[in-house]
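Please treat every number below as a calculation from the coordinates, not as lab data. Model, not experiment: these values are computed from the prediction. When we count neighbours, we look across all protein chains shown, and the Cβ atoms used for this are built from the backbone with ideal geometry, even at glycine.
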Amino acid sequence: MSKISQILKLIALLETTHIITKSELAERLGTNVRNIRSYIEELRAAGISVEGISGCRGGHFLSASSQLRPPQLDQDEYTALLLAEKVLTQKNGFVMENELKTAMAKIKWALGDTSLNVTPELPEEFICSYGRKDSNDKVKDIFELVHNSIYNKQCIKIRYYSPVNNEVTTRTVNPYGLVYREGSWYLVAYCRLREEIRTFKLVRISRLDILHETFVYPHDFTIKNYMRDSFSLFQGETHKIEIRFYHPASIYVKEKIWVPSQKILELDDDSIIFRAKVKGLTEIKNWVMSFGRYAIVREPDELKKQIAYELISMIYNYEDDLINVDGK
């Protein structure tokens with residue numbers, strides 16, 4: 001991609017993003033931070049005021065005096081929007097699918113026939129998106145209240161069900177952000193009851209009240225950093241794990257990036273050694289057990305013990321159905 005194209009896309013990102021870091025710009029443009037720094041300096045030399053804020057939540061943005069006419073979508077960008085619409089509007093847990101449909105209808109109307117002729121839409125039967133979704137119809141209402149409270153930095157009071165403790169509690173929390181995972185939405189918030197940051201599944205919130213009280217967002221906290229090294233969502237003590245996966249499980253494991261810290265060593269018998277640093281063991285335990293006999297934990301010992309306990313409990317549940325090797 002040419003330098004001019006990169007700079008135009010950089011301007012578009014600065015125009016449409018409240019604040020964005022050099023690293024995020026480099027990732028979205030498929031380049032490096034050094035080039036981003038060079039592009040910004042060239043824009044400034046051309047009289048376009050690119051402002052910057054330092055700190056954990058800092059980054060770059062365009063000043064109000066440098067607002068430019070937005071560039072047109074190219075073919076790949078328009079195709080990406082069409083595909084996102086198809087994938088996110090098939091009742092797979094995306095709570096604002098109706099709003100997305102109307103937004104896309106407005107975009108298509110604004111663009112006119114030009115883009116539609118260049119990039120024809122695929123019929124519904126050629127694209128399918130599967131995913132489990134929450135069964136509670138009130139999730140969307142809860143989502144919108146949480147979203148507004150995060151934006152306005154307002155404290156909220158929630159009535160929350162914990163399946164682990166099998167109890168309902170009322171908590172006042174400072175909402176920091178939302179995470180979407182496997183068809184469900186989660187709230188990351190500082191819980192005053194537990195005096196620590198916790199993750200709350202929206203479908204388990206039966207009541208939510210936005211309070212007049214506001215909170216100050218921690219200057220050293222970001223959702224991305226908080227979720228780093230989390231195998232899925234829930235936090236815990238940091239552990240180094242090492243698991244050997246045998247074929248065919250090894251093929252499946254190699255196909256994905258499960259956590260940023262993962263390292264995979266491929267062995268001659270088509271098995272692999274999976275190493276990573278993760279927060280908490282519960283979700284890793286469930287993941288390992290889903291591969292059955294094709295996964296063997298090598299460390300830590302605590303994870304081995306947890307899996308062994310689960311297996312013994314499962315055998316106890318099915319002891320009346322056990323048969324010997326002769327099938328008798």
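Just a few scattered comments:
- Toward the positive end of the charge dipole of the chain, with +1 on the Cβ of Lys and Arg and -1 on the Cβ of Asp and Glu, the farthest Cα among Leu29, Asn174, Ile273 is that of Asn174.
- Gain in span if fully extended, Glu77 to Lys3, counting 0.36 nm per residue against the direct Cα distance: 24.8 nm
- Taken one residue at a time, the phi angles of the range 237-253 give Karplus couplings (6.51, -1.76, 1.60, θ = phi - 60°) of 5, 6, 10, 8, 10, 9, 10, 9, 10, 9, 4, x, 4, 4, 5, 5, 5 Hz. Gly and Pro are set to x.
- Simple spin-label estimate for Arg194 and Ala45 gives 5.2 nm between the two label positions (7 Å along the Cα-to-Cβ direction from each Cα).
- Sum of side-chain charges, Lys153 neighbourhood, beta-carbon under 14 Å (Lys, Arg +1; Asp, Glu -1): 0
- Among 251-263, 19-31, the order from most to least packed when residues are scored by Cβ within 10 Å on average: 19-31, 251-263
- One chain, two ends: Ile53 and Val168. Fully extended at 0.36 nm per residue, the span grows by 37.2 nm beyond their Cα-Cα distance.
- Computed lengthening from Asp209 to His18, 0.36 nm per intervening residue step minus Cα-Cα distance: 66.0 nm
- Taking amide H atoms as placed 1.01 Å from N in the peptide plane, the amide H of Arg298 lies under 5 Å from those of Glu242, Ile243, Arg244, each 5 or more residues away in sequence or on another chain.
- Directionally averaged projected area (convex hull, Cα atoms, the range 1-53), nm²: 3.4
- Antiparallel content of DSSP bridges confined to the range 202-328, in %, to 5: 95
- Remark on Asp74: its backbone amide H falls under 5 Å from none of the residues 5 or more positions apart or on other chains, H modelled at 1.01 Å from N.
- Cα pair distances exceeding 31 angstrom across the chain, given as percent: 53
- The Rg/Rh ratio of the range 139-227, with both radii computed over alpha carbons and Rh defined as the Kirkwood radius, is 0.93.
- Label separation (Arg298 vs Ile251): 2.3 nm, computed from points 7 Å beyond Cα along the C-beta direction.
- Amide hydrogen neighbours beyond the local backbone of Gly177, cut-off 5 Å, H modeled: Val188
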